[in-house]
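Structure first, then comments.
The values are calculated or read from the model by the stated rules, or taken from the named source; none is laboratory data. Computed from a predicted structure; not experimentally measured. Positions of Cβ are backbone-derived with ideal geometry, glycine not excepted, and every protein chain shown enters the neighbour counts. In case anyone asks, the SASA skips ligands and DNA or RNA and just uses the protein heavy atoms, side chains included. Shrake-Rupley method; radii C 1.70, N 1.55, O 1.52, S 1.80 Å.
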Amino acid sequence: SYQELQLENQRLREQVVELQRNRVLLDRYRELLALPVEPELHVISARVIADLQSPFVRTLVANSGRLAGVKEGQAVTGGRGLIGRIVSVGRVSSRLLLLTDFNSHVPVLIMPDNIRAILSGSNADNPVLRFLPKNTVIREGAQVVTSGDGGQVPIGIPVGVVRIDDDGHPFVQLQEDLHNLSYVRVILTRDIAPPRETEAQTLPGAGR
């Protein structure tokens, strides 16, 4: 109906505004951190299919695999932010470990203070922040994005917002609702080959 179309147009306009805001935020974070701009990421969409038995508690199975370029360790997002990483890959399907699983550990940045931490799952709905620097004060409402440390997950992917529990411990309210995912996006990062021995010998400081 006409009314439904109006509502849909309004929702799309709101999404465009939110995307523009996120773009500005990420550009600002890059300036603050003096980060190099990464090349455009190659992303493929995959449909979430019925989950199967798994040694992990919180996983999903997606209908894209090795033939599409999917590899273990690659980041997976929903429509709003990071949801997890690929843990096993078949020819035409792959299993992704959600951020809420106890085995999930992702390096993150807490903005705007540029605090590094590890986002760890606890098999509950909200992952927690671990390995924070000593005497760090984390503000409620601070934005959490991926740090890019380790090289597999690109820098700057939105993750969520810091909340403080009743005991004063920080956790992260995720951008994405992990319970209602129909489609996901896999970020196809390339493996970085180490330099050959001959290259290494010509690098500054090599062989000292």
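Worth pointing out:
- Between ARG91 and SER182, the FRET efficiency from the beta-carbon distance, with R0 = 22 Å, is close to 0.50.
- Looking at the stretch 32-165, the accessible area is 50 square angstrom per residue; that uses a 1.4 Å probe and ignores ligands, DNA and RNA.
- Anisotropy class of the stretch 111-182 from Cα gyration tensor, a/c 1.5 cut: oblate
- Heavy-atom surface analysis with a 1.4 Å probe gives the stretch 107-187 a carbon and sulfur content of 46 percent of its accessible area.
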